[in-house]
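Single-structure report; data block below.
Each value in this text was obtained by applying a stated rule to the coordinates, not by laboratory testing. Every value quoted in this text rests on a predicted model; they were computed, and no experiment measured them. We place every Cβ from the backbone using ideal geometry, glycine too, and count neighbours over all the protein chains shown.
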Amino acid sequence: MGGIIARLFGGIPRRGLILLGVLLLALIAAPLFAGSYLLTVLILILYFAYIGQAWNIMMGFAGQLSLGHALYVGLGAYTAAALYVHFGIGPWIGLLVAVPVAALAGAFIGFLAFRFRVGGVYFAILTIAVAEFARVGFDHLTWTKGSAGLFLPVAQYTHNDLWNLRGHPVMFYYILLTATVLALIGCRALLQSRMGYFWQAIREDEEAARSAGIDTFYYKMVAVVISAGMTSFAGVIYAFFYNNLFPEQVFHISRSIEIILGPIVGGVGTLFGPILGAFILTGLAETLSATLEGLGIDLPGAKQVFYGICLLLVIVALPDGVWPWLRKRIGLTERGS
Amino acid sequence: MPAEVYLNVAVGGVLTGLVYGLMALGLSVIFGVVRVVNFAHGEMMTIAMYIAIVLFATFRLDPLIMLLPIAALLFGLGYVMQAGLINRFITRPEHSQFLLLVAVAIIMINVLLIIFGPDAQNIQTAYSYDSFQIGPLIVDAAKVYAACAALVVTAALFAFFRYTHIGTAIRACADNYTGALVVGLDVKRLYALTFGLGSACVGAAGTMLLLIFDVTPAAGPAYTLLAFVIVITGGLGSMPGALLGGVLIGLTEAMAGLMFSPSAKSMFAFGILVLVLLFRPQGIMGKRAA
């Protein structure tokens, strides 16, 4: 046990561990001080931090660009919600179905693409296509109420029912915080495993990796399946937090884009990048809302224009993302942290 | 349903598909030469459509006449985008280029939203409700004009790439980047020209498509996706492939809309894309990439 912990934290500079610890403590204590608005923002940040890490396994570690991660969110959300609505099966049991469903979808895309050597841009567009296919398909699937939307029963809850995920946002906050921390630990373990090095070899030069004897098909498949399965958990939480699901919202391409902006802005392939990216982008969006509101500007689209300009500036100025730059600034130059 | 209905819808689908093909041709030319996937493609087309709406409202210009000036405006937009922004991204990884163009797309959609509001707009020409009758066939005049214009623009582009010096130089860049640099071609300027030309296709296609469809600021991403589907179906980088893909997808959407439900039509387009990626990843007319 001690050995595992030593390995997990080994190689991270002392200062990094302290900063990470302070951040974690601050996040644990946050609901004590945060109002309901700030809490909602924090939930959103953690949600994107978690999914960003899941996406990063596929793109950042193994180099496979997925532009359709909304597919796995949606499959997770719809599977768990439909089981709950139709059979009264709780979300944690539902998760046992949702994760395999999403993982299977990931395996399907991966199998088709990697077997036929569909790569790069073509792979990215295949992932969009499957997600769009699912969006229109769910629009017409009567079992999940089609485009009319699937609603989970909502009532006033006197206590937090963790088993059925019915209750106060604080409960969701701590679930997502736990998930984000576990994902960070899991990602570090993966990245430092034998498989993690194989992934990075594939990312850097797939031909070379194959000639070095790495079964690239197998390891790319594993990356997609892990990423899809992890993402579907966020979908389950989404379903039980918002209590309503519309294919047009859940599976839409803009959801997929939202998911990957965080890790790209934070730093693709880094461990902390997706988390930092989620803080930056969600923080930016909320700051813009507040600022425009404060200035009395009520123009639909104005916020998104500023958001787009900020994205543009970040990507032009910091091509590798914010975290690699910030890491150097605060003196944490250790690789892979 | 009588057979004429199917035939009518099929012909309408093919004509719309030719305009789609022109739009996708722009994407294909840009990717084939610059090797950047233009994720703001559909958004640029909605810009062209709104320019057409403004010109129509102010000067009552017929879309068939506006086609050239709007294509020229979009050429300028594309040239500036490539020269000012994208050129410095050509050696960066795909996800970096993707983020850049997504940011551009977000800005475009929302600037349009601020200026024009969220409602659908269209234009009414003198021939909006005309139709030609050929035997049992009834074809919308607007679709015929749009498709003919799309064919003319496509032919002009083909001729440009085949017979002019600049066109040949651009093809040289596409074939061999290093070789083009070695023989002293100004690759960055040629890239900007190419992006401009691709954008001009979109400008022309958008103007023509306004004869057939409404436009909303939010329509951009759907057109971007449509262009991807068409280009990959036809073969990324293949000019005839883009046109063929456009016709195929236009036909598929029209038939699916008739036989199933209009809201399910894009599912069939994506279904075709998945099939093509599986069995012929280089596309129908594409050459096998290394």
Considering the dipole of the range A:14-329 built from charges on the beta carbon (Lys and Arg +1, Asp and Glu -1) around the Cα centre, which of A:Phe172, A:Gly269, A:Pro319 is farthest to its positive end? A:Gly269
Just going by the charge dipole of chain B, with Lys and Arg at +1 and Asp and Glu at -1 on Cβ, which of B:Leu197, B:Tyr129, B:Ala254 is farthest out on the positive end? B:Leu197
The range B:3-279: relative contact order in percent, alpha carbon pairs under 8 Å with at least 6 residues between: 42
About the Cα centre, charge dipole magnitude for the range A:14-329 (Lys/Arg +1, Asp/Glu -1 at Cβ), debye: 660
Where the centre of each part is set by its Cα atoms, how far does the range A:261-337 sit from the range A:153-217, in angstrom? 21
Any chance you could check the Cα centroid distance between the range A:17-72 and the range B:42-111 for me, in angstrom? 34
How many angstrom lie between the C-alpha centres of the range B:256-274 and the range B:176-244? 23
Once fully extended, how much extra length lies between A:Leu8 and A:Leu162, figured as 0.36 nm per residue of separation less the alpha-carbon to alpha-carbon distance? 52.5 nm
Which whole number gives the average count of other chain Cβ atoms within 10 Å of the Cβ atoms across peptide A:135-141? 4
Ranking of A:Lys303, A:Lys220, A:Lys328 by count of other Cβ atoms within 10 Å, fewest first: A:Lys328, A:Lys303, A:Lys220
Could you tell me the calculated FRET efficiency between B:Leu151 and B:Met259, based on Cβ-Cβ distance and R0 = 41 angstrom, to the nearest 0.05? 0.90
R0 of 22 Å, Cβ-Cβ distance A:Val316-A:Thr40: FRET efficiency to nearest 0.05: 0.10
Given the alpha-carbon gyration tensor of chain B, what are the semi-axes of its equivalent ellipsoid in whole angstrom, ordered largest first, with each equal to the square root of 5 times an eigenvalue? 30, 22, 18
Excluding residues fewer than 8 positions from A:Lys220 in its own chain, the lysines with Cα under 28 Å of it are B:Lys287
Cβ-derived FRET efficiency at R0 30 Å, A:Arg329 paired with A:Asp205, nearest 0.05: 0.50
Just flag the chymotrypsin sites (Phe, Trp or Tyr not before Pro) in the range A:86-136 sitting in loop per DSSP whose Cβ has no more than 16 other Cβ atoms within 10 Å. A:Phe116
Alpha-carbon Rg with Dmax, taken over chain A, Å: 20.0, 62
If you stretched the chain out fully between B:Val182 and B:Ala120, how much longer would it get, using 0.36 nm times the residue separation minus the C-alpha to C-alpha distance? 17.3 nm
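What's the longest uninterrupted piece of chain B once you rule out the trypsin sites (Lys or Arg not before Pro) that are loop residues per DSSP with at most 13 other Cβ within 10 Å?
B:61-286
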Footprinting exposure proxy for B:Phe270, B:Phe31, B:Phe161 (fewest neighbouring C-beta atoms within 10 Å first): B:Phe161, B:Phe31, B:Phe270
Using only Cα atoms, what Kirkwood radius does the range B:143-211 have, in angstroms? 13.1
Determine the relative contact order of the range A:98-228: mean sequence separation of Cα pairs under 8 Å and six or more apart, normalised by residue count, in whole percent. 37
In debye to the nearest 20, how big a dipole does the range B:135-290 give about its Cα centre with +1 on each Lys and Arg Cβ and -1 on each Asp and Glu Cβ? 380
Show which aspartates and glutamates lie in cross-link reach of B:Lys143 when reach means a straight Cα distance below 16 angstrom and same-chain residues fewer than eight apart are skipped. B:Asp62, B:Asp130, B:Asp214, B:Glu253
Normalising by the residue count of the range A:14-329, find the relative contact order in percent from Cα pairs under 8 Å and 6+ residues apart. 32
Once label points are set 7 Å from the Cα along Cα→Cβ at both B:Thr168 and A:Asn244, what is their separation, rounded to one decimal in nm? 6.3
Using Cα positions and a limit of under 15 Å, work out the aspartates and glutamates in reach of A:Lys145, with same-chain residues fewer than 8 apart set aside. A:Glu248
Hull volume in cubic angstrom per residue (convex hull over the Cα atoms of the protein assembly as shown): 176
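Could you list B:Asp140, B:Asp214 so that the one with the fewest beta carbons within 10 Å of its beta carbon is first and the one with the most is last? Don't skip to the answer; put the middle values down first.
Working: B:Asp140 21, B:Asp214 13.
So the ranking, lowest neighbour count to highest, is B:Asp214, B:Asp140.
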Only helices at least 20 Å long along their axis, Cα-based, and averaging 0.5 or more on Kyte-Doolittle count here, so list those DSSP H runs from chain B. B:3-34, B:41-59, B:63-84, B:94-116, B:141-163, B:187-209, B:220-234, B:239-259, B:265-279
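Going through the DSSP H helices of chain A, which span 24 Å or more along their own axis at the Cα atoms while scoring at least 0.0 as a mean Kyte-Doolittle hydropathy?
On the way: long enough: A:14-33 (28 Å, 2.02); A:36-56 (30 Å, 1.40); A:70-87 (25 Å, 1.28); A:91-115 (34 Å, 1.85); A:120-139 (29 Å, 1.34); A:169-191 (32 Å, 1.84); A:216-242 (39 Å, 1.30); A:273-294 (30 Å, 1.05).
Span-like helices in chain A: A:14-33, A:36-56, A:70-87, A:91-115, A:120-139, A:169-191, A:216-242, A:273-294.
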Quick one: net charge around A:Ser254, please, counting Lys, Arg +1 and Asp, Glu -1 for every other residue with C-beta under 15 Å from its C-beta. -1
